[in-house]
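Computed from the coordinates by the stated procedures, all read-outs in this text should not be read as laboratory data. Only a predicted model underlies this, so the values are computations on that prediction, with no experimental measurement involved. Here the Cβ is made from the backbone with ideal geometry for all residues, glycine too, and neighbour counts use every protein chain on show.
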Amino acid sequence: MERQQENKGETILEVRRLSMDFGGIRALEGIDLVVQTDQIMALIGPNGAGKTTFFNCITGFYEPTAGDIFIAPPGGKRKRINGLKVDRITSLGLARTFQNTRIFPNMTVLENVMIGRHCRSKAGVLGAVLRGRETLREEAEIVERSYEILAKMGLASRVNELAKNLPYGEARRLEIARAMATEPFLLMLDEPAAGMNPQETKELDDLILRLRSEEGISILLIEHDMRLVMSVSDHICVMDYGEKIAEGTPQEIRRSERVIKAYLGEDSDA
Amino acid sequence: MDYFLEIFLSGLTRGSIYALIALGYTMVYGIIELINFAHGEIYMIGAFTALIIASVLTTLGMSGPAVLILAGIVAVIYASAYGFTVEKIAYKPLRGASRLSPLISAIGMSIFLQNYVMLAQTSDFLPFPNLLPELPFLESTAHIMGSTDFIIIATTAVVMVALTLLIKFTRMGKAMRATAQDRNMAMLVGVNVNRVISATFIIGSALAAIGGVLIASHIGRINFYIGFIAGIKAFTAAVLGGIGSIPGAVLGGLVLGWTECFATGYVSSDYEDAFAFALLVLILILRPAGILGKASVQKV
Amino acid sequence: MTFRQEMKKALLTSAWFVFLTFPILVIRVNTIENVIEWRWLNMMWIAAGSFILSLLWSFYFGRKTGDPGKKTEAFAPADKAGSLFRNPRFRMPALVLTALFATAFPFLFSVYQTSIMTTALMYVVLGLGLNIIVGLAGLLNLGYVAFYAVGAYSYALLHYHFGLGFWVVLPLGGLLATLFAILLGFPVLRLRGDYLAIVTLGFGEIVRLILENWNEFSFGPSGISNIPRPGLLGLDLNLDTATIYLYYLMIGLCLITIFVFGRIRDSRIGRALIALREDEIACQAMGIDKARTKLLAFALGSTWAGLMGVIFAAKTTFVNPASFTFLESAMILSIVVLGGMGSILGVVLGAFLLILLPEYLRAFSDYRMLLFGTTMVIMMIFRPQGIITGIRRTYQFRGGSIDGATAGK
């Protein structure tokens, strides 16, 4: 955590002129974006603006048509990640959640989070069968770490329950917990508040702020709930029709003519 | 040159049959994204029904094209009825289940139907009467293209045109296309999706039965197992052309028919079936979207 | 629905099935003597049978929509059996009894029975192997029999050409099957689930066709005979003792498979396999290499088929391509489907039910494949998780630290 303080203001994600075509249709047009340590950045825009496509490009689900994506883990080396495989990008320290929650329904809550530890552990088939001391130690560590994370997310009482039996709000939190288990330096949340009631959204606010202060990670989130966006983020990037139309602090965005026009009044009062 | 032409035409004949069966796969896949493993068995049941009806009619003293037409019609009706029922029993209860469940159910259904026919009828090959008439105007070319080949190719062509018209211009055809594109959206605009799915199974099965009657007359014998191999081959044809695409199924059928006939004609006949499987494996690895299919983007 | 409506519906269904089965089930053509048999009795059976089944069907689905919580009530006994087995107070005595019975089996029953039991045990291992691929990783492999064939032909050919013995070939057969799985896996595992199913099916058929047609390599349809049974310390065993010896060997292999399967399932690797089955996209986003994990599942599952292939060759002393048809793959798949995806006890029960039932109830044996097909459909509709649900491991925590870490498997 101290490390974070030293590096304050360092760039950890840099996207330059990112474009993405789908069979001749341009979904993203020359997007630039920089995320710094300790920052909570929000990505907003009307439906179909290309926000999720942008996420998918960064996390390796799509290979961008043009442009560069660089990551620089705090204290680590800068690296271009275009075209790397999804799992490789996760193990480099970018973790994400999905718009339509994708938990593993028939695994327990704890196991869901244990999966997140996969890329930070290494026992193989032989280890699994022989269960040597090293494997047992690693396994115990996985369980312990996962439980810690779940406890922080307020899911400690649910560890042995099947994930599919969780109510919606808790399933969303489980997804964040699972992403946290991969030890990211940047957490990417795709509409974390979608489908939540006001109470749950309020709790999500606190959770996001706590993740930054306690875990020392940066957060990039896509969100439609303007109250949430305005209250947690310290930087906002607005997209429309695959282009970035504005960027700035919440105050600046609130006043931007272009943004208001893009939304046609929708939610702009926050 | 005659040899080449002969092989070319027998490839065309064979390919037409594959195309008829492949259409059923492709239509069903287009609408519910399921490989209907039991489709080959529907084709087999069509052929068996035709054989049974034709025999009954012959013992009753009928002969000539009337037998063919009656047996064909009954076969089409029965195959459609089987296709409809299979969907209701084995697939409909599984809509919305995990992807694996309907596939396993489909394989189970395929095995069930095979053994049902085997137990009810026989495990031996049965001779199938050649119901197709000899066409006098083809006498001079009989060594290259016989009447049977001609009838198969002509029938296939007619059926294809009819199907295209049906899908392009009728209400049901429009509903099918809508459902294939987006099932939920189709439901929202008032398409009765259950009926569309049933209609798809019925049409696909009818086509398979036509294919079954034609090929059985052509080859002259059938058993309970013919559906399995034909099914895989027709599926290969569907994938080859681009699954979900109707012209693709036809193209795929023809390409497969030619590949098989040229490979057995010029290389070796020992591995006749292996060529189809090898082609299937290759196409799925190299170009899973098929010749006419569009590469789809993974939905995240 | 009211009673009247139910009855009406059942009658209609019954009429429909009478119509549907009429040509195939009632008429039989004897094309040699040109006579037609009319089997009206069959029609009666269908009418009555489909009437009753239709009532049961609408009863089940009526309840399912009415109260989703109750839908598995019909299977409560199976659930009870499963949880009973997990209860340590029942588990230990049950295991001891089973072990005693298994050990004493060759002395209690005839050599013939022992041989059948050996076959059933082989299917337990095959089922567990396939369960790694289908049950854990969710990859539908319809060509599993190809790897079984690789094992069997490894022994047959290596013995024929180089005179290698059973114990040398046993690990080799497993290894070769694994290699084959990796070779096949590289190109095809990128494919989506349903394509994978059909490619593996095609691959299984290609292997069989090659064995049938490549006479110089595999001796074609006539196969290879005179494969020796496994030897014991250089002793020459007669047929009876060899059968019994093979039985104990299979018991040993079965135990090893169960042990390995259990350990893999509850390990880091096993969790990755299950995650892959549950959600491929989320699985990758969690840092799991999709291609590698699929390949691993394929390889881990196919090894057992290779081992069993060697055993099969040694047991029958003869191999030919006819033993490795698609129906064999289907049989193993129905064991997994019936028993339970990811469950050990389930597969053991599934294998015994599906192998022993047709063996002891002779009336069944003709209907064996019909039974397998029906099993798959029925299980998918009514109980896709199998008769025994694969239970996930649970953990106990007290005051934030792990306690024991195992509450049950």
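Key figures
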read-out: Stokes-Einstein D (µm²/s) once Rh is taken as the Kirkwood radius of the range A:142-270 over alpha-carbon pairs, at 25 °C in 0.890 mPa s; value: 153
read-out: Ratio Rg/Rh, restricted to chain C and using Cα atoms, in which Rh is the Kirkwood radius; value: 1.01
read-out: Average silhouette area of chain A, convex hull of alpha-carbon atoms, in square nanometres; value: 15.3
read-out: Selected from B:151, A:109, C:11, residue furthest toward positive end of dipole (the protein assembly as shown; charges at beta carbon); value: A:109
read-out: Cα-only Debye scattering, the protein assembly as shown: base-10 log of I(q)/I(0) at q = 0.08, 0.09, 0.10 Å⁻¹; value: -0.89, -1.10, -1.30
read-out: Viscosity 1.306 mPa s, temperature 10 °C, Stokes-Einstein D of the range A:110-165 from Kirkwood C-alpha radius, µm²/s; value: 132
read-out: The range C:81-382 - percent relative contact order, Cα under 8 Å, separation 6 or more; value: 35
read-out: Anisotropy class of the range B:202-300 from Cα gyration tensor, a/c 1.5 cut; value: oblate
read-out: Average beta carbon contacts from partner chains per residue of A:122-134, 10 Å cutoff; value: 4
read-out: Relative contact order (%) - chain B, alpha-carbon pairs under 8 angstrom, separation at least six; value: 36
read-out: Choice from B:15, B:231, B:173 showing the highest fluctuation, given a GNM over chain B with Cα pairs closer than 10 Å; value: B:173
read-out: Cβ-derived FRET efficiency at R0 30 Å, residue C:322 paired with residue C:161, nearest 0.05; value: 0.85
read-out: Shape call, the range A:60-206: gyration tensor on alpha carbons, a/c limit 1.5; value: oblate
read-out: Calculated FRET value between residue C:12 and residue C:378, using beta carbons and R₀ = 22 Å, to 0.05; value: 0.50
read-out: Counting all C-alpha pairs of chain B, share separated by more than 30 Å (%); value: 30
read-out: GNM flexibility winner over chain C from C:353, C:100, C:12 (Cα, springs under 10 Å); value: C:12
read-out: Estimated inter-spin distance, residue C:241 and residue C:60, nm [label 7 Å along Cα→Cβ]; value: 5.1
read-out: Charge dipole (debye, nearest 20) of the protein assembly as shown; +1 at Cβ of Lys and Arg, -1 at Cβ of Asp and Glu; value: 1760
read-out: Percent antiparallel among DSSP beta bridges (both partners in the protein assembly as shown, rounded to 5); value: 65
read-out: Histogram of C-alpha separations across the range C:97-244, 5 Å bin width, %; value: 2, 8, 13, 17, 18, 15, 13, 8, 5, 1, 0
read-out: Cα-based radius of gyration of the range C:163-237 once divided by 2.2 N^0.38 Å, which approximates compact folds; value: 1.47
read-out: Cα centroid separation, the range A:95-139 to the range B:147-192 (Å); value: 48
read-out: Residue of B:251, B:20, B:100 that the Gaussian network model of chain B assigns the largest fluctuation, springs spanning Cα pairs under 10 Å; value: B:100
read-out: Net dipole in debye of chain B [+1 Lys, Arg Cβ; -1 Asp, Glu Cβ; about Cα centre; nearest 20]; value: 1540
read-out: FRET efficiency, 1/(1 + (r/R0)^6) with R0 45 Å, evaluated for residue C:44 and residue B:69 via beta carbons; value: 0.90
read-out: Which of B:66, B:96, B:112, positive extreme of dipole for the range B:1-142 (C-beta unit charges); value: B:96
read-out: Low-density loop cleavage sites - chymotrypsin sites (Phe, Trp or Tyr not before Pro) in the range C:155-235, where at most 16 other Cβ are within 10 Å (DSSP); value: C:214
read-out: Label point at residue A:249 placed 7 Å out along Cα→Cβ; residues across the range A:29-47 whose backbone nitrogen lies under 16 Å; value: A:39-42
read-out: Compactness of the range B:136-271 as Cα Rg over 2.2 N^0.38 Å, two decimals; value: 1.26
read-out: Signed unit charges on C-beta, dipole axis of the range C:81-382, positive-most listed residue C:112, C:218, C:349; value: C:349
read-out: Nearest-20 debye value, the range A:110-165 charge dipole, Cβ charges on Lys, Arg, Asp, Glu; value: 100
read-out: Relative contact order computed over the range A:145-270 (Cα-Cα under 8 Å; 6+ residues apart), in percent; value: 17
read-out: Residue-averaged 222 nm ellipticity for the protein assembly as shown, from DSSP H runs of 4+ at -39500 (n - 2.57), nearest 500; value: -20500 deg cm²/dmol
read-out: Packing-based exposure ordering (other Cβ within 10 Å, fewest first) of A:139, A:111, A:29; value: A:29, A:139, A:111
read-out: Exercise: per-residue mean of other protein chain Cβ atoms within 10 Å, C:376-387; value: 6
read-out: Three-way shape label, the range A:4-95, alpha-carbon gyration tensor, a/c 1.5; value: prolate
read-out: Per residue convex hull volume, Cα atoms of the range C:222-380, in Å³; value: 155
